[in-house]
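To start, the structure itself, in structure tokens.
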Number of protein chains: 2
Amino acid sequence: MALLGDLVLTHDTIVEGVHYLPTDPPESVGWKLGAVNLSDLAAKGAVPAGALLSLTLRGDDLWEERFLSGLEQIFEHFGLPLLGGDTVALPAGAPRVLGLTVLGKAAAHVPSRSGGKAGDRLWLIGPVGDSAAGLAQLSASPKATGLLVDTYRRPIPLLTIGALLAPHAHAMMDVSDGLLLDARRLATASGCGLRIDLSALALSPSFRAARGNDRAARLFAATGGDDYALLAALPAETDPLTILKGTAVNIMAVGELTRGGAFVLVDDLGPVPLPERLGYEHDLP
Amino acid sequence: MALLGDLVLTHDTIVEGVHYLPTDPPESVGWKLGAVNLSDLAAKGAVPAGALLSLTLRGDDLWEERFLSGLEQIFEHFGLPLLGGDTVALPAGAPRVLGLTVLGKAAAHVPSRSGGKAGDRLWLIGPVGDSAAGLAQLSASPKATGLLVDTYRRPIPLLTIGALLAPHAHAMMDVSDGLLLDARRLATASGCGLRIDLSALALSPSFRAARGNDRAARLFAATGGDDYALLAALPAETDPLTILKGTAVNIMAVGELTRGGAFVLVDDLGPVPLPERLGYEHDLP
């Protein structure tokens, strides 16, 4: 994510077998490539302005048509024009690498990750866990269906909500690698500590039916990733329910930024030991 | 290539084994990824403003460091800031796919490919053939060295020249796939025919030493591609030598746009039959 003048710039690249399953429907791969970039814009409160696609071809016309139709669907849904890009051939058998650059018009105030202050409340908007639970179902059975699988395949970036919250947020980011990991990133960037209350997570009925509602289920939801939710640090006196009135989503006060560097995790039963894995850590240098 | 407000946007993706040789020095791969995008900006007369990199990693740190140092070199040379991007892991053995989005500040007049008019002179700026001759030397012997190999590995995008010519050009593009192919694209987009005089090509001394100066050598130079030259359609009364005074490059009046759709190729000896292959046609749908 970068800023250039009044533009927010984002680029995400996804790799077959790394970021999506070769068995995923191509339409959903196209949709998700759009969603992952648009979710970055949402976290900045930006309005979609245009996109450039990097498309690699492997001679499977049907796959590529279906991928493009999924991409077009999300572009139409959010009014994002495809302005250009590049199309290149891959050697036979190479995994697909698909890239998208998205430009958005920035709002007057662009919240960063680093603007949070001790005492800010942390608000989570959008469900967490559903997508990871859907992926787990697909890993067990590639023919799995249902709401969790749908959420994994067709995540909805929260552009309207991001634009409404941005003017009020000290810091904001999208939760894509797991709530605990991303919340720690926001706190670290802001020079703060962190307290998260797992019992504040509103788990969806589908999630609870599939994985239950205990501490283990909540830890799974808070570390699974692929959520496309927003995490905002708001001054304690700011009420996002008022700001977001009329937009029907899950809004949860999941914790707060604190003085010092500690990360404290609790639930209704008391302190929760931090899991070894806080989220999806990319295999990067 | 796309326009958004006063920005010129370009994205190019290169694939190992398709757009560059696995034996190419990684620094030159980084340099060329920058050059291919900056050459697109040059053809629009735009000033570099920022870039987003899509980097795929395969666990070879040294390759990746060297690639990035080549990219940084060209970014520094042309004052292009790296604003962001994405870094992702590749499965073992997958060919690298490297993408770059570059944004440029547009000039008041942005020449397209389609603005040429019958009667315009076609001016070629920059040498053609050197890069293809260098690639041929490397294909014969991976240890080949010399000016032609240097030109293949370290092409120079003509940003200053593009910016100077843009206000005067009816149409302009960069010659990257071969002069004959790209000139036909410009003529077709402009609804014109085309006359090219092969004998007007100023071949470099290195090129002539390697491949000679006859019709076959000139056809090789005019169809080889990877040139990073500029092709501009200027009104007959416009003298680019005056406009470009002080910028030391090859400037050649290589032909003209004509009424009707014919493509006429000539040299000192008379008409030249069009070769079957006019340049590097990408393997695309």
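Each reported figure results from applying straightforward, stated rules to the coordinates on display, with no laboratory input. Remember, it's a predicted structure, so these values are computed and weren't measured experimentally. Because the Cβ atoms are built from the backbone with ideal geometry, glycine has one as well, and the counts that use them run over all protein chains shown.
Taking K and R as +1 and D and E as -1, what net charge do the other residues with C-beta under 11 Å from the C-beta of A:HIS11 add up to? Result for the local shell: -3. What is segment B:211-285's relative contact order, in percent, from Cα pairs under 8 angstrom and six or more apart in sequence? Across segment B:211-285, relative contact order equals 44 percent.
With runs of 4+ DSSP H residues as the only contributors, calculate the mean residue ellipticity of chain B at 222 nm using -39,500 (n - 2.57) per run, divided by the residue total and rounded to the nearest 500.
On the way: 9 runs with 92 residues, N = 285.
Result for chain B: -9500 deg cm²/dmol, rounded to the nearest 500.
In the distance distribution for the protein assembly as shown, Cα-Cα pairs more than 35 Å apart total 44 percent.
Neighbours of B:LEU159, meaning other residues whose beta-carbon lies under 13 angstrom from its beta-carbon, give a summed charge of 0 when Lys and Arg score +1 and Asp and Glu score -1.
Pairs spanning more than 26 Å between alpha-carbon atoms, out of B:LYS32/B:LYS143; A:LYS32/B:LYS32; A:LYS44/A:LYS117; A:LYS32/A:LYS117; B:LYS105/B:LYS245: A:LYS32/B:LYS32; A:LYS32/A:LYS117. A crude spin-label estimate for the pair B:LEU82 and A:SER69, with each label 7 Å from Cα along the Cβ direction, gives 4.0 nm.
If you take every DSSP beta bridge fully contained in chain A, what fraction is antiparallel? Give it as a percent rounded to 5. Beta bridges within chain A, antiparallel portion: roughly 75 percent.
Please compute the Kirkwood hydrodynamic radius over chain A, one decimal place, Å, based on all pairs of different Cα atoms. List each step's numbers first, then the result.
On the way: mean 1/r = 0.0517 Å⁻¹.
Every distinct Cα pair counted, the radius reaches 19.4 Å.
When each pair of different Cα atoms in segment B:139-285 is counted once in the 1/r mean, what is the Kirkwood radius in angstroms, to one decimal? It would help to have the intermediate numbers written out before the result.
On the way: mean 1/r = 0.0609 Å⁻¹.
Roughly 16.4 Å, rounded to one decimal.
Rounded to whole numbers, the Karplus 3J(HN,Hα) couplings from phi for segment A:193-203 are x, 8, 10, 10, 10, 4, 6, 7, 5, 8, 7 Hz, using 6.51 cos²θ - 1.76 cosθ + 1.60 with θ = phi - 60°, and x at Gly and Pro. Based on Cα contacts under 8 Å between residues 6+ apart, chain B shows a relative contact order of 24 percent. The spacing between segment B:1-41 and segment A:142-174, judged by their C-alpha centroids, is 33 Å. In nanometers and ordered shortest first, the copy-to-copy spacing of the B:LEU274 label point, defined 7 Å from Cα toward Cβ, is 6.7. Residues of chain B were split at every exposed loop site, defined as GluC sites (Glu not before Pro) in a DSSP loop with at most 16 other C-beta atoms within 10 angstrom, and the longest piece left, sites excluded, is B:1-236.
Between copies, the label points of B:SER139, set 7 Å from Cα on the Cα→Cβ line, lie 4.6 nm apart, reported in increasing order to one decimal in nanometres. Counts of other chain beta carbons within 10 angstrom of each beta carbon in peptide A:57-64 average 1.
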